[in-house]
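Throughout, read-outs are computed from the coordinates displayed, never taken from laboratory work. All values derive from a computational prediction rather than experimental measurement. With ideal geometry, Cβ positions are generated from the backbone for all residues, glycine too; neighbour counts draw on all protein chains shown.
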Amino acid sequence: MIDIEKLQHPDCIPDRQEIIELLSLQSPDDIERLRYSAEQLLLRLRGKEVYFRGLIEFSNVCSCDCYYCGIRRSNTDVLRYTLSKDQIVQSAVWCAQQGYGSVVLQSGERSDVASADFIEECILEIKDKTISQQLPEGLGITLSCGEQTEQVYQRWFDAGAHRYLLRIESSTPELFAVLHPPAQKLQPRIEALKALKKIGYKAGTGVMIGLPGQTIENLADDILFFRDIDADMIGMGPYIVHNATPMAHFQDEITAQSEMIFKLSQKMIAVTRLTLKNVNIAASTALQAMKEDGRETGLTFGANVIMPQVTPVEVRKNYLLYEGKPCLDENAEQCRTCLSLRVASVGRTIAYNNWGDRR
Ligand code: SAH
């Protein structure tokens, strides 16, 4: 039996076999030891502080057709929208006024020149409008706009974005292949992550947990993938079925396993913390879709980032990646209050006016 406590040491890294063993833990006592060790390591390395990244889902227009995703190109039920530059900038300025420190601009994937230009203009204006005494370099800007060419990534970096989220979804080639149409391949996504790192972005990646056919070994390989690519941030969450997708028929199977998938998601956070040590790990919104206190429990398993919703309420219902996405009706102000209480409820504090990068 692996000595879980020794993994609290910053130099003690579990190997593949040990990662598999940790992800397989079942008894409440063992899972509590895992949780406690991950939390202790985080507190020692990073302290109690949780970083807020205001999430602006600025467009659901997408040219991809991922089989799991509710806003996939082929879902014609979705009302497509793109926020105006003013709406995006106003939402970002609101975040800066709240002291959030950073925003995430997330959207579907587009590869046309007009959309690359548009995003560049938004970055420039957000930077211009948010430089202040509290934020001498302006808001930290994270992008999550899918796979792009190295040139586009470079332009956005030069405009002032410094972090990028691009989940690998699954690092196992066979599993990636059954989740995506043949035109969407794993290798270019890996190359995109490498390009982001090369340019100098803080790169974030992650996977969905509980995918049909996914094994504990696959998840262990995902954690090793995060390490090998030298990810700065990790965002992971449970896979949740969306009814208007080609994977809708998995609904009953996934529902029957939801308790197991939730626990596995918590264990993934803890084992990722114990393996990658100093990275930023987000407590994803999808955790809260499964359980009311899902995000807070993510913090207690070693996560240190939360992404409060700041997408204007009127379009939020059109950005449904999965069924039952929480916080659809609350405005940004309500999300702020609610999340502050949730963070405090697990004994943590919010780091205001701070980009909160991995050091
Ligand atoms: N277009 C961007 C952003 C994608 S949406 C990109 O390609 O990176 C952000 C994330 O939502 C995805 O990376 C995926 O991991 C997650 N997601 C999509 N559908 C989901 C579902 N049905 N259940 C859980 N997470 C989902």
## Note on the structure
A correct Karplus calculation of ³J(HN,Hα) over region 166-177, with 6.51 cos²θ - 1.76 cosθ + 1.60, θ = phi - 60°, whole Hz and x for Gly and Pro, returns 9, 5, 7, 6, 7, 8, 8, x, 5, 6, 4, 5
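Given 0.36 nm per residue, what is the gain on full extension from Asp293 to Tyr36 after removing their alpha carbon distance, in nm?
90.7 nm
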## Note on the structure
If amide H atoms are modeled at 1.01 Å from N in the peptide plane, then the residues at a separation of 5 or more from Ile168, or on another chain, having amide H under 5 Å from its own are Gly206
### Message
Nothing charged except the Cβ atoms of Lys and Arg (+1) and of Asp and Glu (-1): what's the magnitude of the dipole of the chain about its Cα centre? Round to the nearest 20 debye.
### Response
660
### Query
Mind checking which lysines have their C-alpha under 21 Å from Lys325, skipping anything on the same chain fewer than 8 residues away?
Lys263, Lys291, Lys317
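Rounded, prolate or oblate for the chain? Axes are the square roots of the Cα gyration tensor eigenvalues, ordered a ≥ b ≥ c, and the cut-off for rounded is a/c under 1.5.
On the way: a/c = 1.44, a/b = 1.20, b/c = 1.20.
Rounded shape, in that the Cα axes give a/c under 1.5.
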### Query
If you check each cysteine of the chain for another cysteine whose beta-carbon is under 4.7 Å away, which ones come up empty?
Cys12, Cys62, Cys64, Cys95, Cys122, Cys145, Cys327, Cys335, Cys338
### Task
Grab the Cα-Cα distance for Arg16 and Ser84, subtract it from 0.36 nm times how many residues apart they are, and report the gain in nm with one decimal.
19.8 nm
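Given Lys185/Lys267; Lys202/Lys277; Lys129/Lys198; Lys48/Lys277; Lys48/Lys194; Lys85/Lys129, which pairs have Cα atoms separated by over 21 Å?
From the list (Lys185/Lys267; Lys202/Lys277; Lys129/Lys198; Lys48/Lys277; Lys48/Lys194; Lys85/Lys129), the Cα-Cα distance tops 21 Å for Lys185/Lys267; Lys129/Lys198; Lys48/Lys194.
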## Note on the structure
Amide H proximity to Val61 below 5 Å, modelled H, separation 5+ or other chain, gives Tyr81, Gly108
